[in-house]
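To keep things clear, I will list the structure first and then write my remarks on it.
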Amino acid sequence: MPGHLANRLQAALWREAVLAVQNGLASVEDVNAAVAQGPGLRWALMGPHMIMNLAGGKGGLEQMLSHFAPGIQGWWQTMVETPNMDQKLQKVLVDGINKEAGNKTIDDLEKERDTRLIKLLRMLQETK
């Protein structure tokens, strides 16, 4: 498998995010909010396998899989489509992110990201 693990995981999520926009299921802003306010929060604290372990309650991952593995397998089997990254889709993505960013420059957004990351890392360090 080529590529750094973290980049491959990010690419897989982004593929689904782009498909959601391409297929009209969500806007760029909706996708960003869904990830940032959903799994992004949990993944900042624990990785995806540990989050799934907790989803199983007292029985952990084993219990979660015994209940949900068939459904998860069904979802995965529908995840074969890849986005058509043509000029039209690229414009939709760029227009969507520009709308979400508003008047903020790349420098503004980088500063916001870095400030939040530093606060998050400090909080995580304090709770170890």
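Every number here is computed from the coordinates shown, using simple stated rules; none is lab data. These figures come from a predicted structure and were not determined experimentally. Glycine gets a Cβ as well: all are built from the backbone with ideal geometry, and neighbour counts include every protein chain shown.
Given R₀ = 35 Å, what would the calculated FRET efficiency be for Gln87 paired with Glu110, taking r from the Cβ atoms and rounding to 0.05?
Step by step, r from the Cβ atoms, then E = 0.85.
Under a GNM of the chain (C-alpha, springs under 10 Å), which listed residue has the highest mean-square fluctuation: Leu93, Leu109, Leu25?
Residue with maximal mean-square fluctuation among Leu93, Leu109, Leu25: Leu109.
What's the magnitude of the charge dipole for the chain around its Cα centre, counting Lys and Arg as +1 and Asp and Glu as -1 at the beta-carbon? Answer in Debye, nearest 20.
In total the dipole reaches around 340 debye.
Starting from the amide H of Lys104, placed 1.01 Å from N in the peptide plane, find each other amide H under 5 Å away whose residue is 5 or more places distant or on another chain.
none
Identify which of the listed values of semi-axes √(5λ) of the Cα gyration tensor in Å was calculated from the structure shown: [x] 28, 24, 13; [y] 22, 18, 14; [z] 18, 17, 15.
Label of the calculated value: [x].
Roughly how many Å is it from the Cα centre of the range 22-56 to that of the range 83-128, as a whole number?
15
Place a point 7 Å from Cα of Asp95 in the direction of its Cβ. Which residues in the range 24-39 have their backbone N less than 17 Å from it?
24-31
For the pair Ile72/Asn23, report the inter-label distance in nm, with labels modelled 7 Å from Cα in the Cβ direction.
2.0
Per residue of the chain, what 222 nm ellipticity follows from adding -39500 (n - 2.57) for every DSSP H run with n ≥ 4, rounded to the nearest 500?
Helix-only estimate at 222 nm: -24500 deg cm²/dmol.
Gaussian network model of the chain, Cα springs within a sub-10 Å range: biggest mean-square fluctuation belongs to which of Arg42, Arg116, Arg15?
Taking springs between Cα atoms under 10 Å, the residue moving most is Arg116.
Under 22 Å between alpha carbons, and skipping anything fewer than 8 positions from Lys104 in its own chain: which lysines qualify?
Reachable lysines: Lys91, Lys119.
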